[in-house]
Amino acid sequence: MKRSMAAVGSSIFFLLAPGIVAGVMPWWITRWQMRGDAAAWMPLRAIGVVLLVVSVPVLVRAFWQFTVEGLGTPAPVAPTERLVVKGLYRYVRNPMYLAVLGAIVGQAFLLGQPGLLAYALVILAAFASFVRLYEEPTLARQFGAEYDAYKKAVPAWLPRRHPWTP
C-alpha cells in the first residue's frame with residue numbers, strides 16, 4: 001500500500017475508531033460537563049489534563065508509524081505490510097489502545113465524571129479481547145517468527161523501562 005493511500009486510510013480510521021471511542025462516546029456520556037466539588041477534584045483534574053496532553057500525541061504518533069513505517073493502517077481491512085516495532089512500539093505493543101484509554105480516563109478525571117471510568121473498563125475489556133482473539137493470531141500468521149520474537153520481548157500493556165532493540 002502506498003504511503004499516500006495509507007495516510008488517507010489511517011486518517012479516516014482515526015476519525016472513526018478513536019474519534020468515536022475517545023471523543024464522541026465520552027461526550028455522549030458526559031456532554032463534557034464538569035461535575036463534583038471543584039476543590040476536591042482539582043488534583044484529579046490536573047492529572048486528567050496531563051493524561052490528555054500525553055495521550056493525544058501518543059495516539060497520533062502511533063497512527064503515523066503505521067502509515068510511514070508499516071505502509072498500512074491500523075484498520076484490519078487495510079493492515080500494514082511491515083511489522084511496526086520502532087518508536088513507541090519498542091516499549092509496549094499496544095500504544096494506540098493505551099492512548100485511547102488514557103484519553104478516556106483523562107476526561108473522566110478532568111470532568112469529575114466517574115461514569116467515564118466505568119466506560120474505560122468496558123473499552124479495556126474490548127481492547128484486550130480483540131488483541132488476544134484477533135490481533136495476536138493475525139500478526140503471528142502474517143509475520144511469523146518476527147512477531148513471535150517481538151511478542152516475547154515487548155509487553156502488551158505495561159511499557160518496558162528501556163526500549164527493545166530488534
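Nothing in this text is a laboratory measurement; each read-out follows from the coordinates by a stated rule. In this text the structure is predicted, and so the values were computed from the model without any measurement. All Cβ positions, even for glycine, are placed from backbone atoms using ideal geometry, and neighbour counts span all protein chains on display.
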- Long-range neighbours under 6 Å by Cβ, at least six apart or interchain, first residue under 13 Å from MET25 (Cβ atoms) and without any contact (Cβ under 8 Å) to a residue 24 or more places away in the chain within the range 105-126, second of a type in the set (A, V, I, L, M, F, W, C) and part of a helix (DSSP H, G or I): ALA120/LEU101; ALA120/ILE104; ALA120/VAL105
- Out of the range 57-113, which residues are within 16 Å of PRO159 (Cα to Cα) and of a type in the set (Gly, Ala, Ser)? ALA62, GLY87, ALA99, GLY102
- Task: Could you tell me whether the range 77-90 includes any residue that is in a helix (DSSP H, G or I), within 15 Å of the chain's Cα centre (by Cα) and within 20 Å of PRO26 (Cα to Cα)?
- Result: no
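Restricting to the range 15-27, what's the tally of residues that are of a type in the set (A, V, I, L, M, F, W, C), under 15 Å from the mean Cα position of the chain (by Cα) and surrounded by fewer than 19 Cβ atoms within 10 Å (Cβ to Cβ)?
So the count comes out to 4.
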- Query: Considering only the range 138-166, how many residues are closer than 20 Å to VAL77 by Cα, surrounded by 12 or more Cβ atoms within 10 Å (Cβ to Cβ) and without any contact (Cβ under 8 Å) to a residue 24 or more places away in the chain?
  - Reply: 1
